[in-house]
Every structure is written in C-alpha cells, then in structure tokens.
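Notes follow the structure.
The values are calculated or read from the model by the stated rules, or taken from the named source; none is laboratory data. Since the structure is predicted, the reported quantities are computational estimates derived from the model, not experimental observations. Ideal geometry is used to build each Cβ from the backbone, glycine not excepted, and the neighbour counts take in all protein chains shown. Keep in mind that these areas ignore ligands, DNA and RNA; they rest on the heavy atoms of the full protein, side chains included. Shrake-Rupley method; radii C 1.70, N 1.55, O 1.52, S 1.80 Å.
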Amino acid sequence: MGTFAGIDYPTWWFLVIGAVFTGYAILDGFDLGAGALHLFFNKEASRRTALNAIGPVWDGNEVWLVIGGGALFAGFPEVYASLLSAFYIPFMIFLVALIFRAVSIEFRSKEPMLWWRKMWDICYCISSGLLAFLLGFILGNVALGIPLDKDHIYRGDFPGFINPYAIMVGITSLSLFMMHGAIYLVMKTEDRLYAKLTIIVRRTTIFFVISFVITSFYTLLYIPHLVDQIHENPSMFILPVIMVLAIANITRQITKRKYFFAFLSSAVVISVALIIVSLELYPTILYTPDPQNSLTIYNSASSQKTLGIMLTVAAIGVPLVAAYTTFVFWTFKGKVKLDETSY
C-alpha cells in the first residue's frame with residue numbers, strides 16, 4: 001500500500017476530504033446563517049446590507065462543496081454511490097434549496113416591486129435555513145449509522161432517516177450557522193443594523209449553546225459508538241475540552257464586542273466538531289449497525305495509483321482555491337457600503 005510521510009494514501013485522502021468539507025462548513029456556514037436570519041431584518045436597507053455582506057463571497061464558498069463532492073467520488077467511489085443513493089430524497093431537497101437560494105439572491109434586486117422582493121426574501125431565508133438544517137440532518141444520520149447490506153446497497157427507507165438524533169443534530173447545525181452568520185454580519189455592518197445584530201448575536205449564541213448541550217448529552221447517553229474512541233484514547237479528551245473553551249470564548253469575545261475573535265472561535269467549534277465525528281468513525285466512513293457491512297477507507301477506496309495521482313493534484317489545487325478565497329475576503333474586507341451596483 002502506498003504511503004507518504006508514513007501515512008497510507010486512503011488515510012491521506014480521508015484527511016483531504018475532511019479538510020475540504022470543514023472549509024465548506026466554515027465558509028458557507030456563515031452565509032447560510034446570515035440567510036436564515038434574513039427575515040429578522042425589517043427594513044429594506046438592512047436586508048440589502050445583509051445580502052451585500054455575503055454578496056462577493058457566497059458563490060465562491062460553495063466551490064468547496066463541489067470540490068468535496070468531487071473528491072469523495074474520486075477517492076471513495078463506493079461511499080459516494082451508497083451515500084447518494086441512500087440519501088437520495090434529502091440530497092434532492094438540498095439541491096432544490098441550493099437553486100432557490102442562488103436564484104433568490106440574484107433575482108431579488110431585479111425588480112422594484114415590494115411583493116417581488118418580499119417573495120425572494122422569504123425564499124432566501126427558508127432555503128438558507130433548510131440547507132443549514134439538512135447538513136446537520138445528514139451528518140446525524142451518517143454518524144448514527146445507515147442500513148447497508150453486504151453489497152453496500154441501502155436497505156432502508158426515507159422515514160428511517162427521520163429520527164430524534166438526526167433532528168437534534170440538524171437543529172444544532174442550524175443554530176451554529178445562525179450564530180456564525182450573525183457574528184459575520186455584525187463585523188460587516190454599522191449604525192442601527194449593527195446595534196440590532198449585537199442583540200441577535202447574543203440570542204443565536206444562547207440558541208446554539210442550548211442545542212449543543214442537549215445533543216451532546218443525547219450522544220453520550222444513547223449513541224455509544226460515537227464516544228468509544230475517546231473512552232479508549234484519553235488523549236482525545238483534549239478535543240471536547242478545546243470545543244468547550246472555544247464556545248466559552250465566543251461568549252467572552254461577544255461581551256467585549258471583539259467580534260473577529262468570536263468569529264475565529266466559532267470556526268474552531270465547527271472544525272473541532274467535525275474532527276471529533278471523523279475520529280470517532282475512522283477508519284469507517286459509512287457506519288452500519290452490522291459492522292461487517294460498513295464502508296471503510298480501505299474497502300471503498302480507489303486504486304493506489306489513482307489515490308497517489310489525485311493527492312498530487314489536491315496538493316496543488318486546494319492551496320490555489322484557498323489562496324483565491326483569501327484574496328476575495330481581503331479584497332472585500334471592511335464594512336458594507338450600498339451603491340447602485342449592490343444587490
């Protein structure tokens with residue numbers, strides 16, 4: 001089996017995919033959260049300002065989702081096939097919500113009529129909130145385990161996905177992104193909208209903390225396979241400690257109105273949460289109630305030659321996308337100013 005720096009190719013590809021999806025969750029997370037908050041802004045100028053805060057970056061943020069999906073297909077094609085066939089309905093809903101969200105952003109400012117703008121405001125808010133919820137909903141079901149047979153074919157039905165744990169993870173994901181988005185918006189706004197967002201930031205933080213605590217307790221009590229690795233490796237206890245400290249720092253920085261550091265802490269929370277889930281499942285990618293039918297990084301990976309070539313491509317391509325993303329954020333840094341070219 002091919003290795004690089006003492007780590008085998010499947011593990012490297014697992015790390016690459018994890019890093020890309022983490023980047024997507026951090027970047028698209030704040031603009032999904034901003035969209036989910038959109039109807040909390042009553043004035044036309046406030047809604048336009050909120051839209052233009054994410055306007056230069058929202059479509060670029062979604063590039064990370066495309067890269068992650070492509071990387072999953074290239075590196076672990078059997079996981080890609082089983083995952084998308086199992087979650088066919090949720091992914092179709094996700095795709096429709098993505099389309100309506102993009103259309104809402106682009107179409108809203110094309111006509112001046114009040115009913116037109118209000119219609120797209122509602123579509124934008126609902127689709128953004130639905131996307132944030134579905135990301136957690138799908139993650140919750142993947143972490144919980146899905147029924148696959150020995151040929152790795154899904155043997156369940158859609159109602160089986162609607163379970164308390166997936167719903168709780170979905171709500172936690174929504175609350176986390178709403179907090180993440182509110183912090184981002186407060187950094188990009190000023191005057192009365194800034195004052196309103198300082199209140200919204202505190203409320204979304206409370207919403208997230210409550211959701212996080214409930215979901216964490218449920219996981220500890222009823223989902224034992226998601227805490228086995230921490231029980232067996234006490235050194236991993238540092239990860240939940242980092243997460244708790246990051247959450248505490250969010251509230252601390254919000255109180256001091258140092259929102260940039262609160263935003264960084266929020267990004268740390270997203271990253272550590274995904275790292276914990278990944279480490280608890282590793283080397284499994286799709287867990288099933290019957291471990292013999294689970295898909296791991298070894299029984300679902302592409303050939304060693306394929307993985308080796310793609311790792312080289314990823315080592316060149318991912319930093320380029322990261323550099324472009326950094327350039328865009330640097331170019332459009334600062335407070336939002338509305339003009340005739342704004343949404």
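Filter segment 327-343 for residues that are exposed (fewer than 11 other Cβ atoms within 10 Å of the Cβ), in a helix (DSSP H, G or I) and β-branched (Val, Ile, Thr) and give the result.
Selection gives THR331 alone.
Note down all Cβ pairs under 7 Å where the first residue falls in segment 219-241 and is free of Cβ contacts under 8 Å to residues at least 12 places away in the same chain, the second is surrounded by 11 or more Cβ atoms within 10 Å (Cβ to Cβ), and they're at least six residues apart or on different chains.
Pairs that qualify, where the first residue is free of Cβ contacts under 8 Å to residues at least 12 places away in the same chain and the partner is surrounded by 11 or more Cβ atoms within 10 Å (Cβ to Cβ), are LEU220/VAL227; PHE237/ILE230.
I'd like the full set of residues that are charged (D, E, K, R), farther than 14 Å from HIS38 by Cα and open to solvent by less than 70 Å² (accessible area, probe 1.4 Å), limited to segment 99-132.
GLU106
Of the numbered conditions (1) without any contact (Cβ under 8 Å) to a residue 24 or more places away in the chain; (2) farther than 24 Å from LYS335 by Cα, ALA19 satisfies every one except a single condition; which is it?
So ALA19 meets the others, but not (1).
Check SER302, SER266 and return the single one that is crowded, with 17+ Cβ neighbours inside 10 Å and not in a loop (DSSP other than H, G, I, E, B). Steps first, answer last, please.
Values: SER302 fails: not in a loop (DSSP other than H, G, I, E, B).
After ruling out the rest, the residue left standing is SER266.
In this structure, does VAL277 turn out to be out of contact with any Gly (no Cβ under 8 Å at 6 or more places or on another chain) and open to solvent by less than 70 Å² (accessible area, probe 1.4 Å)? Spell out the reasoning first.
Values: out of contact with any Gly (no Cβ under 8 Å at 6 or more places or on another chain): yes; open to solvent by less than 70 Å² (accessible area, probe 1.4 Å): yes.
Against the criterion (out of contact with any Gly (no Cβ under 8 Å at 6 or more places or on another chain) and open to solvent by less than 70 Å² (accessible area, probe 1.4 Å)), VAL277 qualifies.
Can you tell me which residue in segment 217-233 is farthest from TYR282 (Cα to Cα), limited to those that are open to solvent by less than 100 Å² (accessible area, probe 1.4 Å), assigned to a helix (DSSP H, G or I) and not hydrophobic (A, V, I, L, M, F, W, C)?
Going through the qualifying residues, I end up with TYR218.
Do you know which residues across segment 123-146 are of a type in the set (A, V, I, L, M), in a helix (DSSP H, G or I) and farther than 18 Å from MET179 by Cα? Reasoning before the result, please.
Initial filter on segment 123-146 (of a type in the set (A, V, I, L, M)): 126, 130-132, 134-135, 138-139, 142-144, 146.
When the remaining residues are screened for being in a helix (DSSP H, G or I), the result is 126, 130-132, 134-135, 138-139, 142-144.
Within segment 123-146, ILE138, LEU139, VAL142, ALA143, LEU144 meet the criteria.
If only one of LEU72, LEU83 is without any contact (Cβ under 8 Å) to a residue 60 or more places away in the chain, farther than 22 Å from LEU176 by Cα and not hydroxyl-bearing (Ser, Thr, Tyr), which one is it? Break it down into steps so the answer makes sense when it comes.
On the way: LEU83 fails: without any contact (Cβ under 8 Å) to a residue 60 or more places away in the chain.
Exactly one of LEU72, LEU83 is without any contact (Cβ under 8 Å) to a residue 60 or more places away in the chain, farther than 22 Å from LEU176 by Cα and not hydroxyl-bearing (Ser, Thr, Tyr), namely LEU72.
What are the residues in segment 152-182 that are more than 13 Å from LEU286 (Cα to Cα) and surrounded by fewer than 19 Cβ atoms within 10 Å (Cβ to Cβ), if any?
Here is the first cut: in segment 152-182, the ones more than 13 Å from LEU286 (Cα to Cα) are 155-182.
Of everything in segment 152-182, those that are more than 13 Å from LEU286 (Cα to Cα) and surrounded by fewer than 19 Cβ atoms within 10 Å (Cβ to Cβ) turn out to be ARG155, GLY156, ASP157, PHE158, PRO159, GLY160, ILE162, ASN163, PRO164, TYR165, ILE167.
In segment 148-191, how many are part of a helix (DSSP H, G or I), within 23 Å of PRO56 (Cβ to Cβ) and over 17 Å from the mean Cα position of the chain (by Cα)?
Looking only at that region, the number is 5.
Specify the residue that is farthest from the chain's Cα centre (by Cα); the eligible residues are those in segment 280-293 that are open to solvent by less than 70 Å² (accessible area, probe 1.4 Å), more than 17 Å from TYR9 (Cα to Cα) and of a type in the set (S, T, N, Q).
ASN293
Of everything in segment 36-58 that's small (Gly, Ala, Ser) and closer than 21 Å to GLY334 by Cβ, which residue is most open to solvent (accessible area, probe 1.4 Å)?
Filtering segment 36-58 down to residues small (Gly, Ala, Ser) leaves 36, 45-46, 50, 53, 55.
Adding the requirement that they be closer than 21 Å to GLY334 by Cβ leaves 45-46, 50, 53, 55.
On the way: ALA45: 59, SER46: 23, ALA50: 5, ALA53: 3, GLY55: 11 Å².
Residue satisfying both the conditions and the ranking: ALA45.
A quick yes/no check of all residues on (1) of a type in the set (Gly, Ala, Ser); (2) under 18 Å from LEU130 (Cα atoms); (3) part of a helix (DSSP H, G or I):
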site: ILE17; (1), (2), (3): no, no, yes
site: LEU27; (1), (2), (3): no, yes, yes
site: LEU32; (1), (2), (3): no, yes, yes
site: LEU39; (1), (2), (3): no, yes, yes
site: ALA45; (1), (2), (3): yes, no, yes
site: LEU51; (1), (2), (3): no, yes, yes
